[in-house]
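Asker: Structure incoming, see below.
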Amino acid sequence: MHDVDAGCRNPDRWHCVSNDGEVEQRQSLSAFPLHPPVFSFIIEEAKRPKEETMRYLFLLNPAAGKQDCTVQLIPQIRAAAARAGWSKADYTIHTTEYAGHARELARAAAQEAAQAGDSLRIWTAGGDGTFMEAMTGVQGFANAAVGCLPYGSGNDFLRTYGTRAEFTNLDGQLAGGEVTIDLLETSLGLSATICAAGLDAQVAYGIPKFRRIPLCGGEVSYLLSIVEQLCGHIGRRVTFTIDDEELTVDCLMCAICNGRAYGGGFLAAPEADPADGWLDVMIVRRVGRLTIAKLLGMYKSGRHFVNGQLTEEAKPYFLYRRARRVALRPADGRGPIVATADGECAPCDAVEAVLRPLSGRILLPAPAYERFVAKRSSVDVK
């Protein structure tokens, strides 16, 4: 018989039963006493937080814009990374292959980085839709931030923060920083800029139909879609619920704004602040065809809104509100209303947009980052 308790009586040994029933005795850790200072050092090292590593990911959409951006952009990214002192192991470049792929790649990368205790910076090369796919993918991961390289057709996201030249400067992008902004949760998905409905959304919705016609490029298809809409029924009767206020308006179009621009440069809310905890709501009343051109010119340039209020010229045609939750629904019995948000466009029975304060972590190129931080600092002081 083996005394299976023998190891228990010897504090410097422990035992286990092997597969053949034999008792094996092994040295315990107490047989190798540690000098107190050494032991303390090991304990302190175990408590010390792991040094955080930054990971970098570029998601390139070859289908965005007028031509494939990957041909010229990949060598440019590699050159900028080398100038920034990155090794090839520090960053990854992926080309997206289908709609939703950027969201999947961003989420997988954020999850992997979080499990390793690392931070992640993602840049998307494409339009606002590609950027928002990645932004949607990293939701829930505090370790991840998303930036935009503007190679799409609209690129309205950047207009709130800086210029196209700043955002296409790769050295400035890699030297930039992270900031936190509000986001919009809409019926069409997450948005960093604007959710709109009405005439402008109808024009956007009609463009793909004309692009299928030979020799109808981007501008031609856009103009044909405008003509189609102006030849049809103009405007909708819409009921809005803006926080606790409800109103019904004969509406040409409306925009629920976290950012300043949409539709390829229309400055719907020229003074919108994407980190102030408010949405700027612009409603354009229905007008006759002859007045539409005048209103669109005012709307595109931002002349309708100056120093926090509508201009006298704009007041007969515009309504302005600030809110945190907006809902709208057609009130004319003519079916769904077309809405758009960051590249997504679809008919909706109702549209809802809810502010999600400071839930987006974005990357800005160095000049835009410095302006953003300076502005937020001045607001905080006030």
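Each reported figure results from applying straightforward, stated rules to the coordinates on display, with no laboratory input. Given the structure is predicted, the values throughout are model-derived calculations rather than measurements. Here the Cβ positions follow ideal geometry from the backbone for every residue, glycine too, while neighbour counts run over all protein chains shown.
Asker: Under a Cβ-only charge scheme (Lys and Arg +1, Asp and Glu -1), can you give me the dipole magnitude of region 234-357 about the Cα centre, in debye to the nearest 20? Kindly include the intermediate steps, with their values, before the conclusion.
Answerer: Numbers: 17 positive and 16 negative charges, 94 e Å.
That gives region 234-357 a dipole magnitude of about 460 debye.
Asker: Another question, if that's okay. For a quick size check, give me the Cα extents of region 180-270 along its three principal axes, largest first, whole Å.
Answerer: The principal-axis extents, from largest down, are 48, 35, 23 Å.
Asker: Still on this structure: Which order results if 298, 253, 54, 282 are arranged by neighbouring Cβ count within 10 Å, fewest first?
Answerer: 54, 298, 282, 253
Asker: Next up: Which order do peptides 307-317, 170-180, 92-102 fall in by mean Cβ count within 10 Å, highest first? Could the numbers behind the result be given before it?
Answerer: On the way: 307-317: 12.4, 170-180: 18.5, 92-102: 16.1.
In descending order of packing, they fall as 170-180, 92-102, 307-317.
Asker: With +1 on each Lys and Arg Cβ and -1 on each Asp and Glu Cβ, how big is the dipole of region 109-216 about its Cα centre, in debye rounded to the nearest 20?
Answerer: Its charge dipole is roughly 540 debye.
Asker: Averaging over every viewing direction, what projected area does the convex hull of the Cα atoms of region 321-382 cover, in nm²?
Answerer: Value for region 321-382: 6.6 nm².
Asker: Something else now. Given a Förster radius of 35 Å and the C-beta distance between residue 142 and residue 72 as r, what FRET efficiency does 1/(1 + (r/R0)^6) yield to the nearest 0.05?
Answerer: Efficiency, rounded to the nearest 0.05: 0.55.
Asker: Two decimals is fine: what's Rg over Rh for region 234-357, C-alpha atoms, Kirkwood radius as Rh?
Answerer: Result: Rg/Rh = 0.93.
Asker: Net charge within 12 Å of residue 250 by Cβ-Cβ distance, Lys/Arg positive one each and Asp/Glu negative one each, not counting residue 250 itself?
Answerer: Here the count lands on +3.
Asker: Each residue of region 80-88 in turn: what ³J(HN,Hα) in whole Hz from Karplus with 6.51, -1.76, 1.60 and θ = phi - 60°, glycine and Pro shown as x?
Answerer: Working through the residues one at a time gives 5, 4, 5, 5, 7, x, 7, 8, 5 Hz.
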